[in-house]
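The values are calculated or read from the model by the stated rules, or taken from the named source; none is laboratory data. Since the structure is predicted, the reported quantities are computational estimates derived from the model, not experimental observations. When we count neighbours, we look across all protein chains shown, and the Cβ atoms used for this are built from the backbone with ideal geometry, even at glycine. What goes into the accessible areas is simple: the full protein's heavy atoms, side chains included, and nothing from ligands, DNA or RNA. Shrake-Rupley method; radii C 1.70, N 1.55, O 1.52, S 1.80 Å.
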Amino acid sequence: MTLAETPNHTNSSNPLLTLNYESALESLGSDYYDEVTAAEFPQHILRWRNNALLPLLGLDSRIVKDEDFITAFGKFKERKPLLALRYHGYQFGEYNSRLGDGRGFLYGQVRGTDGELYDFGTKGSGTTPYSRGGDGMLTLKGGVREVLAAEALNRLGVRTSRCLSMIETGLDLWRGDEPSPTRSSVMIRMSKSHIRFGSFERLHYLKRPDLTKKLLDHVIETYYQHLNSEHDKYALFYAELVKRVAELVAQWMAAGFCHAVLNTDNMSITGESFDYGPYAFIPTYDLSFTAAYFDYYKRYCYSQQPGICKLNLELLQEPLKAIIDIGDLQNGLSKFAEYYLAEYRNLMLKKLGFEDLQFAEADELLQLTITFLQDSQIGYHQFFSDMARTFDSKWRDEPAFVMNSSVITPALGTSAIFDNWCLMYHQILNHFDPHEMEIIAQTLAKYNPQTALLRPVIESIWEPIAQEDNWQPFYDLVQQFQ
């Protein structure tokens, strides 16, 4: 794949411009967005194109040229209107009515081959009415980080937006206390929806229950179609959103992921993960781990994520009360913990190699695993990837064989907790027939990739880009996640 600056060509042959774009959100009217224009950039170098997503759009990657991406998603030719969405949000607990798409817009909406509607949203495409004095741009490193986060989370089974393309734009950006300018990029994010909790909060702030109902009807008709004919569709919508969000945060927790900025404007109405700024994957099982340096009081630390997501759902009740009975809202939210714990248990047992573990020891094994990880501070991701790498059917024979070739065991020394864990894992394996060991090995490999996107890994990818314009380590790493 050649990623280079390319000349103009005949736009009519561009498969990305001739997709069947729908006007679902546009049809709601201008109460929900502002029409904007995209910035013009001095340079266009395609650094990333997500060929894995093209079949979902009905496109063959072999016929979509690099210059097609640049024309559509860097020069923004032949697509109108471009819509900057309006929303508010609770940011670190404080309500902010001065939000909205400040460096991006809704480029278009396309129906996938799976029948689902997908949004193309930009990031780094210039100023809008909501830029609040910012330049509306995205650093190149920020683009690289978001591509990596989305692909890594997708590999780990998290319901996430993904990046369709990233283009280096040739602008020099000044950020913070940096002594020199940094490179810039513009990105296309592909997700189920860019409608946020904050989209409803804004309408409540404006005292427009009519617009709230109109938006809610649109959300149900577009993203919860199976509820559209139900007489209590509004209550059922909220109950399902609670379930989706509870499962999403369980996916983050099992993946060892800390989003870092769980404001209500970063919560999708479809229960999908998106907008990766100062995120980080936990190096060890540290409940107080915080990804954002500015989160001084650890509001969004790793362990707080389930509680914060539940709180955000509770805050969403305020605008929804205009349409949905408060009793129905409270009943829907009351099941959050049940949904969360069930999904977290399911995912963690899969990381331990068991697709469906009904034995009485299952919960004890899971608790012992967490206790060991927290007590030892062994690398969270390394523990599970070592399980996948070293798993052997001989673990059924003797507890001493369990993880005996792992790189973590020499560093443990004497650990009664680990010895108990090995004994319990050995005992559970003996509930299975010998021929089922291969299934367990496959499950371990499926849910525990060998590469974890820790901060040092990201820096090791960024350094050759920054120093030598060497993108090969970036492409190699993304390939491991696909």
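A few remarks follow.
- Test: residue in the range 36-48 that is at pLDDT 95 or above, closer than 22 Å to Thr212 by Cα and part of a strand (DSSP E or B): no
Table: residues versus (1) open to solvent by 10 Å² or more (accessible area, probe 1.4 Å); (2) within 14 Å of the chain's Cα centre (by Cα); (3) among the charged types (D, E, K, R); (4) more than 23 Å from Thr371 (Cα to Cα).
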| residue | (1), (2), (3), (4) |
| --- | --- |
| Glu247 | yes, yes, yes, no |
| Cys258 | no, yes, no, no |
| Ser268 | no, yes, no, yes |
| Pro278 | yes, yes, no, yes |
| Ser288 | yes, no, no, no |
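- With respect to (1) open to solvent by 70 Å² or more (accessible area, probe 1.4 Å); (2) at negative phi; (3) not hydroxyl-bearing (Ser, Thr, Tyr), the lone exception for Gln377 is condition (2).
- Meets criteria (open to solvent by 40 Å² or more (accessible area, probe 1.4 Å) and either in a loop (DSSP other than H, G, I, E, B) or touching a Pro at 6+ places or on another chain (Cβ under 6 Å) (or both)) for Arg183: no
- All positions within the range 318-341 that are open to solvent by less than 80 Å² (accessible area, probe 1.4 Å) and either at pLDDT below 95 or within 23 Å of His259 (Cα to Cα) (or both): Leu333, Phe336, Ala337, Tyr339, Tyr340
- Leu311 in contact with a strand residue (DSSP E or B) (Cβ under 7 Å, 6 or more places away or on another chain), part of a helix (DSSP H, G or I) and farther than 21 Å from Met437 by Cα: no
- Some residue of the range 300-311 being crowded, with 20+ Cβ neighbours inside 10 Å, modelled with pLDDT of 95 or more and within 22 Å of Leu85 (Cβ to Cβ): yes
- Which listed residue is part of a strand (DSSP E or B) and either of a type in the set (Phe, Trp, Tyr) or out of contact with any Phe, Trp or Tyr (no Cβ under 8 Å at 6 or more places or on another chain) (or both), from Glu168, Glu178: Glu168
- The set of residues from the range 56-80 being of a type in the set (A, V, I, L, M) and part of a loop (DSSP other than H, G, I, E, B) comprises Leu59, Ile63, Val64.
- When the range 12-35 is filtered for residues that are polar (S, T, N, Q), open to solvent by 20 Å² or more (accessible area, probe 1.4 Å) and in a loop (DSSP other than H, G, I, E, B), the ones remaining, listed by number, are Thr18, Asn20, Ser23, Ser30.
- Leading residue by the ranking (farthest from the chain's Cα centre (by Cα)) among those in the range 128-152 that are in a loop (DSSP other than H, G, I, E, B) and closer than 30 Å to Asn20 by Cβ: Pro129
- Annotation: of all residues in the range 397-416 being at pLDDT below 85 and not hydrophobic (A, V, I, L, M, F, W, C), the one that is surrounded by the most Cβ atoms within 10 Å (Cβ to Cβ) is Thr409.
- When Ser180, Ser165 are checked against the criterion of being closer than 30 Å to Lys446 by Cα and either of a type in the set (Gly, Ala, Ser) or free of Cβ contacts under 8 Å to residues at least 40 places away in the same chain (or both), Ser165 stands alone in meeting it.
- Across the range 124-134, not a single residue is classified as out of contact with any Lys or Arg (no Cβ under 7 Å at 6 or more places or on another chain) and within 22 Å of Arg455 (Cα to Cα).
- Comparison of Phe384, Phe372, Phe359, Phe418 shows that the only residue that is on the phi < 0 side of the Ramachandran plot, touching a residue at least 12 places away in the same chain (Cβ under 8 Å) and outside any helix (DSSP H, G or I) is Phe359.
- Looking only at the range 59-111, residues that are hydrophobic (A, V, I, L, M, F, W, C), touching a Phe, Trp or Tyr at 6+ places or on another chain (Cβ under 9 Å) and surrounded by fewer than 17 Cβ atoms within 10 Å (Cβ to Cβ) come to 1 in all.
- Which numbered condition Tyr293 fails, given (1) in contact with a Leu (Cβ under 6 Å, 6 or more places away or on another chain); (2) farther than 25 Å from Tyr118 by Cα; (3) open to solvent by 40 Å² or more (accessible area, probe 1.4 Å): (1)
- If the condition is being in contact (Cβ under 8 Å) with a residue 60 or more places away in the chain, among the basic types (Lys, Arg) and farther than 22 Å from Glu438 by Cβ, then the range 327-356 contributes only Lys335.
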